[in-house]
1. Using amide H atoms built in the peptide plane, which far-off residues or other-chain residues are under 5 Å from Tyr150 H to H?
2. Tally Lys and Arg at +1 and Asp and Glu at -1 over the other residues with C-beta under 12 Å from the C-beta of His63: what net charge comes out?
3. Pop out the ³J(HN,Hα) list for the stretch 203-209 in order, Karplus 6.51 cos²θ - 1.76 cosθ + 1.60 with θ = phi - 60°, rounded to Hz; leave Gly and Pro as x.
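Bear in mind these aren't lab numbers, they're just calculated from the coordinates by the rules spelled out. Not measured: the values here are computed from a predicted model. FYI the Cβ positions are ideal-geometry reconstructions off the backbone, even for glycines, and counts take in every protein chain you see.
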Amino acid sequence: AFGMLISNVEHSLMKPQKAFSSSIGSKFLIAFTGLSLFIFLIAHLAGNLLFIAGPDAFNHYSHTLISNPLILFAEAGLLAVFVLHIVRTVWMVVTNRGARPERYAARTWAKTKNDRSRKSWASTTMILTGTITLLFVVTHLVTFKFGPYYETAEGIRDLYRLQLAVFSNPGYVVFYLLCMMVILFHLWHGISSAAQSFGVDSPQWTPRIVWTGQLLAAVIVAGFALLPVFTYALARN
């Protein structure tokens, strides 16, 4: 009886692991981490838009953020979510390809309203756009978080001056805008796909979910794209 009890406990402990290692579990994790990163993007954009309000507002916001003792835990959690999103996505792609070694001769996309296929350029290039997004994030961190240290008269980091310096370079502005287009493609499919993975997909709600996700993706990317253009115009004056 004791042995059976131990066996049942071990079986119960293994259930979550098996669930998240399955295809459905992987999709859920990818969706959850993807939406978590999207929420971070909204908060990050809200803070970055303070640049338009001027150096005092932007620098005080950034100083309040980076001087918070909890920022290290937040960054560690964000990094964990980011890595988990990448690892589970790559694992699922590799697993799916292993289960279907022979590739289809041609892909077809839905052309009718009744066809619920989600295949599109955005959906079939998720790995490519995700890889480019990863490279952009690394470049962005090197440029801003670990970039040159300017200091204000108050003795805090002058990120406003750093952004002016970076986006005064038209080459970096173009690079940033191109990366925003790639991220738009990634989010274009990702948000609606995440909703489907959470089980909120239905014939009635699918069109609304897709359009809402695409609208949110466009608004977020447009907000980020505004910043380098605005900064470049400001630096030129």
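1. Here Asp158 satisfy the definition.
2. Taking every Cβ under 12 Å from that of His63, the sum is -3.
3. Listing the rounded values in order: x, 6, 9, 3, x, 5, 5 Hz.
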